[in-house]
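Colleague: First the structure, then my questions, so here it is.
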Amino acid sequence: MRFVSTRGHAAPASLDDAIAAGLAPDGGLYLPERIATVDGDRIALPPPSDDLAPTAAALLAPYFAGSRLRDALPAICAAAFDFPTPLRPQRGDGDHLLELFHGPTAAFKDVGARFLAEVMARLRGADDPDITILVATSGDTGAAVGAAFHRRPGFRVVILYPDGRVSPRQAHGLGCFGDNVRALRVAGSFDDCQRLVKQALADADLRARAPLGSANSISLGRLLPQAAYYAHSARAHEAAHGGPLNYVVPTGNLGNALACWLARAMGLPIGDIVLASNANDVLPRYFAGADYAPQPSVATLANAMDVGAPSNFERLRAWHASDDAVRAAMRAVAVDDAAIADAIRTAPAHHGVVPCPHTAVGLHVLDALRAAGDARPWAVVATAHPAKFDTIVEPLVGHAVTPPAPLAAQLARPAHAEPMAVDYDALRALLLD
Ligand SMILES: *Cc1c(COP(=O)(O)O)cnc(C)c1O
């Protein structure tokens with residue numbers, strides 16, 4: 001399979017080249033030239049089991065046809081997906097949580113980051129110069145990418161995050177790696193960080209002198225594997241109950257929700273998809289009929305979703321013939337901070353869980369669906385562990401939340417981040433250093 005740019009002005013690329021490049025040369029994002037389907041491509045999914053890896057390997061095989069890594073795909077999946085992604089029934093009838101926070105940095109970003117690292121490590125030639133993975137993060141991506149590439153020979157990681165806009169534990173997690181992982185705390189927003197990274201990736205002169213790789217949600221190597229946990233959970237639900245599962249996806253850059261859409265387009269038993277946004281309501285406004293209009297991001301309790309210009313929108317739009325077709329494919333709801341706080345406070349009694357603020361955005365949307373009489377089965381995607389956001393969650397639920405073991409280990413290490421202005425020349429100089 002070949003991969004084409006959303007903007008249509010770049011030559012089709014192999015998967016390996018598309019992953020290595022990150023951004024297409026015309027500034028667009030890479031897409032598979034067609035969406036493989038379970039029926040059309042005779043994707044032989046294994047029987048539902050606890051193990052995500054075999055499902056992922058079967059699901060992604062059509063996209064790896066023509067890749068140098070085709071035969072390595074099962075091993076890549078086994079190495080990347082070495083933690084569980086359980087679909088857990090909740091207290092309410094038909095309510096589920098898809099728990100994606102059991103990886104090394106306690107957020108779903110571990111799935112894509114670990115897969116990408118396994119792919120890039122295998123694509124790298126023994127004599128290739130070191131690659132610097134450049135990553136802008138609203139909090140969780142940077143840690144996941146740092147963890148996935150930490151001490152991997154041939155790779156360095158430079159993380160840019162908005163200073164003061166990530167939780168204290170997120171900041172610690174970004175700065176705790178050291179070795180080949182460098183954290184920059186930028187005096188600006190996530191959108192500023194993302195712009196700097198895009199500018200560097202589009203800088204041909206820089207790339208000729210300092211080989212760069214991308215690990216943002218614009219990278220195909222992160223987007224594609226995320227479809228696996230939707231396929232896995234939807235099939236598990238179908239095997240147990242029959243019929244499709246509907247999903248509420250806490251949404252920022254739209255990578256996670258787009259993977260859900262992709263899994264549905266591939267023919268998996270997925271029903272409705274609702275995007276749960278925070279006060280950064282570019283997508284809810286668009287889905288309500290307005291033009292797509294990126295805005296400066298505003299800070300909210302669900303900081304990993306503080307995105308004013310969701311980069312994967314370009315993919316979603318390119319995959320549909322018109323704006324109306326996009327609007328028919330899913331819905332989006334905005335949830336303000338007061339409602340997020342309320343959802344965290346009430347979740348232990350209503351749902352039997354303590355959610356992170358992002359998961360709480362989704363739970364609020366589910367509560368609203370139930371209040372409106374929707375009786376269908378729904379899964380809210382639990383995108384991070386609440387202990388990562390202890391300063392927000394603990395006062396609202398009134399007790400301490402114990403960090404899972406990998407998070408506790410990170411918190412026990414010292415952390416360091418370097419200050420940086422929103423200044424492309426400064427970033428460029430640092431990358432050439
Ligand atoms: C990144 C992130 C999101 C948003 O996911 P997108 O793919 O950017 O839409 C939601 N919750 C958490 C905890 C995250 O880290």
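Colleague: Run A415 past the list (1) touching a residue at least 40 places away in the same chain (Cβ under 8 Å); (2) at positive phi and report the number of the one that doesn't hold.
Modeller: So the condition that A415 fails would be (2).
Colleague: In this structure, is V422 touching a residue at least 24 places away in the same chain (Cβ under 8 Å) and closer than 24 Å to D95 by Cα?
Modeller: no
Colleague: Right, another one. Would you tally the residues in segment 351-375 being more than 24 Å from the chain's Cα centre (by Cα), part of a helix (DSSP H, G or I) and of a type in the set (A, V, I, L, M, F, W, C)?
Modeller: 3
Colleague: Looking at segment 51-157, what helices (runs of 4 or more DSSP H) fall wholly within it and have at least 1 residues that are among the hydroxyl-bearing types (S, T, Y) and under 18 Å from the mean Cα position of the chain (by Cα)?
Modeller: Details: elements: 52-64, 73-80, 109-123, 140-149.
The qualifying helices (runs of 4 or more DSSP H) are 140-149.
Colleague: Go through segment 364-380 and report how many residues are open to solvent by less than 10 Å² (accessible area, probe 1.4 Å) and touching an Asp or Glu at 6+ places or on another chain (Cβ under 9 Å). Even if it seems obvious, please write down each step before you answer.
Modeller: Of all residues in segment 364-380, those open to solvent by less than 10 Å² (accessible area, probe 1.4 Å) come to 365-366, 378-380.
Imposing the further condition that a residue be touching an Asp or Glu at 6+ places or on another chain (Cβ under 9 Å) reduces the set to 366, 378-380.
Going through segment 364-380 one residue at a time, the tally reaches 4.
Colleague: Would you check which residues across segment 376-386 are part of a helix (DSSP H, G or I) and in contact with a Leu (Cβ under 6 Å, 6 or more places away or on another chain) and list them?
Modeller: Step one: of segment 376-386, the residues part of a helix (DSSP H, G or I) are 386.
Matches in segment 376-386: none.
Colleague: When you scan segment 223-240, do you find a residue that is more than 16 Å from the ligand (Cβ to nearest atom), open to solvent by 10 Å² or more (accessible area, probe 1.4 Å) and either touching a Gly at 6+ places or on another chain (Cβ under 9 Å) or among the aromatic types (F, W, Y) (or both), even just one?
Modeller: So far as segment 223-240 goes, no, none of its residues is more than 16 Å from the ligand (Cβ to nearest atom), open to solvent by 10 Å² or more (accessible area, probe 1.4 Å) and either touching a Gly at 6+ places or on another chain (Cβ under 9 Å) or among the aromatic types (F, W, Y) (or both).
Colleague: May I pose another question? Of everything in segment 417-433 that's at pLDDT 95 or above and outside any helix (DSSP H, G or I), which residue is most open to solvent (accessible area, probe 1.4 Å)?
Modeller: Per the stated criteria, the residue is P419.
Colleague: Could you tell me which numbered condition R315 fails, if it satisfies all but one of (1) in contact with a Phe, Trp or Tyr (Cβ under 7 Å, 6 or more places away or on another chain); (2) buried (at least 16 other Cβ atoms within 10 Å of the Cβ); (3) part of a helix (DSSP H, G or I)?
Modeller: (1)
Colleague: Tell me which of these N253 doesn't satisfy, since it passes every other one: (1) within 12 Å of the ligand (Cβ to nearest atom); (2) under 30 Å from R370 (Cβ atoms); (3) open to solvent by less than 20 Å² (accessible area, probe 1.4 Å).
Modeller: (3)
Colleague: Assigned to a loop (DSSP other than H, G, I, E, B), in contact with a Gly (Cβ under 9 Å, 6 or more places away or on another chain) and either within 16 Å of the ligand (Cβ to nearest atom) or under 22 Å from T141 (Cβ atoms) (or both) - does that describe any residue in segment 340-350? Reasoning before the result, please.
Modeller: Restricting attention to segment 340-350, the residues satisfying the condition of being assigned to a loop (DSSP other than H, G, I, E, B) are none.
Checking segment 340-350: not a single residue is assigned to a loop (DSSP other than H, G, I, E, B), in contact with a Gly (Cβ under 9 Å, 6 or more places away or on another chain) and either within 16 Å of the ligand (Cβ to nearest atom) or under 22 Å from T141 (Cβ atoms) (or both).
Colleague: Starting from residues that are away from the ligand (no atom under 13 Å from the Cβ) and closer than 18 Å to V166 by Cα, keep the ones in segment 381-402 and report whichever is most open to solvent (accessible area, probe 1.4 Å). Explain how you work it out, then say what you get.
Modeller: Keep residues of segment 381-402 that are away from the ligand (no atom under 13 Å from the Cβ), which gives 390-391, 394-402.
Still in the running and closer than 18 Å to V166 by Cα: 390-391, 394-395.
Numbers: D390: 23, T391: 79, E394: 48, P395: 96 Å².
Among residues in segment 381-402 that are away from the ligand (no atom under 13 Å from the Cβ) and closer than 18 Å to V166 by Cα, the one most open to solvent (accessible area, probe 1.4 Å) is P395.
Colleague: Restricting to segment 161-195, count the residues that are modelled with pLDDT of 95 or more, crowded, with 19+ Cβ neighbours inside 10 Å and over 19 Å from Q410 (Cβ atoms).
Modeller: Of the residues in that region, 1 qualify.
Colleague: One residue is enough: does segment 51-61 have a residue meeting the conditions touching a helix residue (DSSP H, G or I) at 6+ places or on another chain (Cβ under 8 Å) and more than 27 Å from H102 (Cβ to Cβ)? Steps first, answer last, please.
Modeller: Taking segment 51-61 and keeping what is touching a helix residue (DSSP H, G or I) at 6+ places or on another chain (Cβ under 8 Å), we get 52-57, 59-61.
From what's left, more than 27 Å from H102 (Cβ to Cβ): none.
Within segment 51-61 (the criterion being touching a helix residue (DSSP H, G or I) at 6+ places or on another chain (Cβ under 8 Å) and more than 27 Å from H102 (Cβ to Cβ)), the answer is no, since none of the residues qualifies.
Colleague: Which pairs turn up if I take residues in segment 120-139 that are touching a residue at least 12 places away in the same chain (Cβ under 8 Å) and look for partners that are of a type in the set (G, A, S) and part of a helix (DSSP H, G or I) with beta carbon separation below 6 Å, at least 6 apart in sequence or on another chain?
Modeller: Filtered contacts from segment 120-139: R122/A72; L134/A200; V135/G142; S138/A304; G139/A304.
The values are calculated or read from the model by the stated rules, or taken from the named source; none is laboratory data. As the structure is a computational prediction, the values presented were derived from the model and not from experiment. Heads up, the Cβs are rebuilt from the backbone with ideal geometry, glycines too, and the neighbour counts pull from every protein chain shown. Calculation scope for accessible area: heavy atoms of the full protein, side chains included, ligands and nucleic acids excluded. Shrake-Rupley method; radii C 1.70, N 1.55, O 1.52, S 1.80 Å.
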